[in-house]
Each structure stands twice: as structure tokens, then as C-alpha cells.
Amino acid sequence: MEATNLFYRDPALYDLVQADSTSAAACKNLIERHAPEAASLIDFGCGTGRDMVLLSQRYSCVGVDLQPAMVEHARLVRPALDVRLGDMRTVRLQERADVGVCLGNSLAYVHDNDGVSQVFDTFAAHVRPGGLLVLCSPVWPVLREETMRTEIVLPEGVAQIAVTYAWDLRTQINTMHRVWSLPSGIEVEDEIHRRVLFPLELERYAALAGFDVVAMEDETGGELVGSSACTVARRTR
Ligand SMILES: C[S@@+](CC[C@H](N)C(=O)[O-])C[C@H]1O[C@@H](n2cnc3c(N)ncnc32)[C@H](O)[C@@H]1O
């Protein structure tokens with residue numbers, strides 16, 4: 001994954017650019033609404049642990065991520081967090097929480113159906129019966145034909161970024177291609193491949209693992225209109 005995404009080669013840059021915690025705040029609101037008594041939480045695909053900072057104000061949290069560099073960075077800059085190295089397709093922590101979360105599109109990095117089933121089995125193995133699952137994931141591709149140009153301010157200057165998207169309906173992979181013109185004058189390219197799981201697919205994977213979807217909404221709490229959704233499911237068995 002480090003090879004495909006500039007952020008994963010530089011977790012400090014990831015933290016800098018993704019500094020907002022909109023999805024953590026949306027997730028916290030959803031948990032408060034659907035499981036006000038919840039006390040413990042596991043964050044699957046927690047990255048640098050940025051969402052766990054907000055969530056750990058209310059819940060006892062454990063985070064799991066696949067990439068050693070992200071886990072090392074989380075432990076370095078957020079030493080109070082419990083962040084562990086693991087693959088959410090196979091990890092077994094030998095503990096169960098009131099809530100499992102998978103935010104910031106982490107689920108979209110698992111591309112094949114078997115892998116997605118494995119991830120939902122992991123959720124079932126770690127969320128207690130009656131507990132809650134909250135997923136923030138793409139449910140519709142970004143379909144933009146034109147190149148989007150944006151810039152971000154880095155400590156060493158401004159980086160210009162040109163972003164294009166592609167959509168492969170057969171595999172349901174939405175590809176984001178970025179060309180970074182860094183303040184040093186160097187140009188770097190990266191490409192991120194995200195699997196879109198449409199709402200009814202998510203419901204099906206959830207049901208097969210013993211979860212009932214109880215809500216699916218926009219990250220702002222509104223009706224589902226954009227490409228990302230927050231899905232809330234309750235473990236029934
Ligand atoms: C876009 S980041 C989101 C991180 C974090 N949830 C956030 O919102 O900041 C996606 C993360 O998913 C992790 N990831 C991808 N596949 C994974 C897997 N199979 N098991 C655990 N983590 C995984 C990546 O290492 C990466 O840190």
C-alpha cells in the first residue's frame with residue numbers, strides 16, 4: 001500500500017492533510033444515538049489513530065491497522081492510544097467490544113469478495129451480541145471526467161495536486177490518480193484504488209455475518225446523496 005499512496009509513505013503528511021475529524025464526530029454521534037450505553041470500541045483500519053483521539057474521550061479504545069509505518073507513527077505521536085498491528089481480514093484480538101468501527105474508507109482497501117466477507121467475520125468476532133458496527137465507506141463512485149486541481153500547505157511550502165478519477169464497473173474499483181508538484185519542484189504520482197460496496201451489498205455482507213443494518217446516512221447525518229456513507233448495524237447473533 002505504501003507504494004500506491006504518498007500518504008502511506010509519509011504518515012506525518014497524512015495526519016497534516018487529514019487533520020479534520022468529521023467522520024470521527026459523525027461516528028460518535030451515531031454511537032450516542034444507537035448505543036448510548038456503549039463503553040468499549042475497536043477501530044479497524046485506524047491508520048495514525050486520529051479518529052481514536054476523539055473517540056477515546058468517551059470510549060475505551062483499541063485500534064488495529066495493517067501498515068507498520070502507520071502504527072509506528074500512531075504510537076509515536078499518540079502514545080496514550082492502544083494501537084496494534086493487524087490485518088482486519090484475519091486479526092483476532094481475543095476481546096469483544098460494545099462497538100466496532102471502520103472509518104475513513106478503510107474497508108474500501110479490501111477489494112475482493114472473500115476478503116470483504118473475512119472482514120465482516122472479524123467484525124462479528126469482536127463486537128458483542130447486541131453491539132454496534134459503524135462503517136464509513138464509499139457506496140457510490142466519484143465520477144468526474146475533468147481534472148481537479150487543488151493545493152495544500154505543507155511546512156516547506158505549497159504543493160499543487162492534480163486529481164483524476166476512473167471507474168471500473170466490472171470490479172467496482174474507483175481509482176484516484178494524483179500528480180503532486182511538491183514545493184521542492186519534484187513531481188510525484190500516486191494512485192489509490194478503492195472498492196465501492198453499494199448499500200445493498202453492505203447490507204448483505206452485514207447480514208451474513210449476523211448484523212442488521214439500522215441506519216445508513218451521509219457523514220453530515222443527512223439523507224444518502226454523496227459517494228460516502230456511514231452505515232450503522234447491530235449484531236443480532
Ligand atoms: C484512508 S486510511 C483511514 C485511516 C483512519 N481510519 C482515518 O480515518 O484516518 C485507510 C487505512 O486502512 C488501513 N487498512 C487497509 N487495509 C487494511 C486491512 N486489511 N487491515 C487493517 N487495516 C487496513 C490502511 O493501512 C490505512 O491506514
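Please compute the modelled spin-label separation between residue 182 and residue 223, points set 7 Å along Cα→Cβ, answer in nm with one decimal.
If labels sit at residue 223 and residue 182, their model points lie 4.5 nm apart.
How much length, in nm to one decimal, is gained on full extension between residue 90 and residue 39, taken as 0.36 nm per residue of separation minus their Cα-Cα distance? It would help to have the intermediate numbers written out before the result.
Details: separation 51, 0.36 × 51 = 18.36 nm, distance 2.44 nm.
Additional length available on full extension: 15.9 nm.
Report, in cubic angstrom per residue, the convex hull volume of the C-alpha atoms of segment 148-194. Mind showing how you got there, number by number?
On the way: hull volume 2.9 nm³, N = 47.
Per residue, the Cα convex hull of segment 148-194 comes to 61 Å³.
Put +1 on the Cβ of each Lys and Arg and -1 on the Cβ of each Asp and Glu in the chain; which of 229, 38, 182 then has its Cα farthest toward the positive end of the dipole?
38
Picking from 164, 148, 136, whose Cα lies most toward the positive end of the charge dipole for segment 136-183 (charges on Cβ: Lys, Arg +1; Asp, Glu -1)?
136
Please report the relative contact order for the chain, taking Cα pairs under 8 Å with a sequence separation of at least 6, and give it as a percent rounded to a whole number. Intermediate results must be reported in sequence, preceding the final value.
Details: 494 pairs, mean separation 42.6, N = 237.
Computed value for the chain: 18 percent relative contact order.
Just to confirm the number: angle between the C-alpha axis of helix 22-34 and the first principal axis of the chain, 0 to 90 degrees, nearest 10?
It works out to around 10 degrees.
Could you state the angle between the C-alpha long axis of helix 68-77 and the longest principal axis of the C-alpha atoms of the chain, as a value from 0 to 90 degrees rounded to the nearest 10?
90
Return the single residue from 208, 55, 154 with maximal mean-square fluctuation; model: Gaussian network over the chain, springs between Cα atoms under 10 Å.
Result: 154 has the largest fluctuation of those listed.
Once R0 is set to 35 Å, what does the formula 1/(1 + (r/R0)^6) return for the Cβ-Cβ distance between residue 236 and residue 72, expressed as a FRET efficiency to the nearest 0.05? Could the numbers behind the result be given before it?
Working: r = 37 Å, r/R0 = 1.07.
It comes out at approximately 0.40.
Kindly provide the helix-only [θ] at 222 nm of the chain, computed as the sum of -39,500 (n - 2.57) over DSSP H runs of four or more divided by all residues, to the nearest 500 deg cm²/dmol? Working shown, then result.
On the way: 7 runs with 64 residues, N = 237.
So the calculated ellipticity at 222 nm is -7500 deg cm²/dmol.
Can you give the angle from 0 to 90° between the axis of helix 113-126 and the longest principal axis of the chain, with both taken from C-alpha atoms, to the nearest 10?
Here the helix axis deviates by roughly 50 degrees.
Quick one: compute the contact order of segment 148-194, relative version, from alpha carbon pairs under 8 angstrom and 6+ residues apart, as a percent. Write out the running numbers ahead of the final one.
Numbers: 83 pairs, mean separation 13.7, N = 47.
Relative contact order for segment 148-194 comes out at 29 percent.
Take the alpha carbon atoms of segment 126-140, find their center, do the same for segment 142-163, and report the distance between the two centers in whole angstrom.
Computed from Cα coordinates, the inter-centre distance equals 31 Å.
Throughout, read-outs are computed from the coordinates displayed, never taken from laboratory work. These numbers were taken from a predicted model, which means no experiment stands behind them. As a convention, Cβ positions derive from the backbone with ideal geometry for all residues, glycine included, and neighbour counts pool all protein chains shown.
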